[in-house]
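I have placed the structure first, in the form of structure tokens, so that the comments after it can refer back to it.
The values are calculated or read from the model by the stated rules, or taken from the named source; none is laboratory data. Owing to the predicted nature of the structure, the values given are computational and were not obtained by experimental measurement. Glycine gets a Cβ as well: all are built from the backbone with ideal geometry, and neighbour counts include every protein chain shown.
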Amino acid sequence: MNEDPISAANAAAALSPAAAAASGCLTDPERWVEEHGDSLFKYALVRLRDATKAEDMVQETFLAALKGAGRFAGRSAERSWLIGILKHKILDYYRKVSRETSFTDLDFYSDEERDCFTSEGLFKGGWNHARGPMVWSSEPGASLDSQEFWKTFHDCSSRLPQSISTVFTMREVDGIESKKICEALNISENNLWVMLHRARMALRRCLETHWFGKQT
């Protein structure tokens, strides 16, 4: 009895990298491109904001995966394994960029941030409550299940300067340790926290305007 090709393809996609390697499925770049190419490209594009660089990173990821397939222990799904390789490729890219140019952007958001504090009078330097965070919906966590929310989030993130967006994504989205980010981007820990703070402030303001402000 002939095996259903669709079932066979689904079974191959579900294999761990180690099992796929043993079956000969892992070293199949054409299948990788078909099954994982779009997801890897989107992942890289969000972090690099350059389609050409994103394509290059995906190609380098597939090449590295081919070379290292035999050494993988198979502790994760195939796509997770490929994304892990891609994450390191992107980190290596930024490590190289940081050696060629300064990566900080500490002037970003500084003018608007000053408006959060009283500039004169008895309470000079104190917090301006009129500029404080607005009250979000009673269940703000429910937004995390909305595709429209994430579209708005990515739109807001894309408005950040490249360096600020990269630092925020590395730390808060990819969960890369602060020490590794500082080493890769050649920035101080103080600069890192300033950049993260300003990214959070800008994202909060943007989301309040384009998402939470429309939910009330």
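Residue-by-condition table, conditions (1) at pLDDT 85 or above; (2) farther than 23 Å from residue 40 by Cα; (3) in a loop (DSSP other than H, G, I, E, B); (4) of a type outside the set (Asp, Glu):
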| position | (1), (2), (3), (4) |
| --- | --- |
| 89 | yes, no, no, yes |
| 113 | no, yes, no, no |
| 125 | no, yes, yes, yes |
| 130 | no, yes, no, yes |
| 134 | no, yes, yes, yes |
| 138 | no, yes, yes, yes |
| 142 | no, yes, no, yes |
| 164 | yes, no, no, yes |
| 170 | yes, no, no, yes |
Among the residues of region 174-216, which ones are under 19 Å from residue 45 (Cβ atoms) and modelled with pLDDT of 90 or more? 174, 176
Selection from region 1-60 of residues that are among the small types (Gly, Ala, Ser) and either within 30 Å of residue 156 (Cβ to Cβ) or modelled with pLDDT of 90 or more (or both): 37, 39, 44, 51, 54
Pick from region 61-85, criterion of a type in the set (S, T, N, Q) and within 17 Å of residue 31 (Cα to Cα), ranking: modelled with the lowest pLDDT: 80
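So which residues in region 170-182 are in contact (Cβ under 8 Å) with a residue 40 or more places away in the chain and surrounded by fewer than 19 Cβ atoms within 10 Å (Cβ to Cβ)?
Scanning region 170-182 gives 174, 176, 180.
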Among the residues of region 172-211, which ones are over 20 Å from residue 99 (Cα atoms) and either in the same structural domain as residue 96 (by TED's automatic domain parsing) or among the basic types (Lys, Arg) (or both)? 198, 200, 204, 205
For residues in region 80-95 being among the β-branched types (Val, Ile, Thr) and under 13 Å from the mean Cα position of the chain (by Cα), which is surrounded by the most Cβ atoms within 10 Å (Cβ to Cβ)? 90
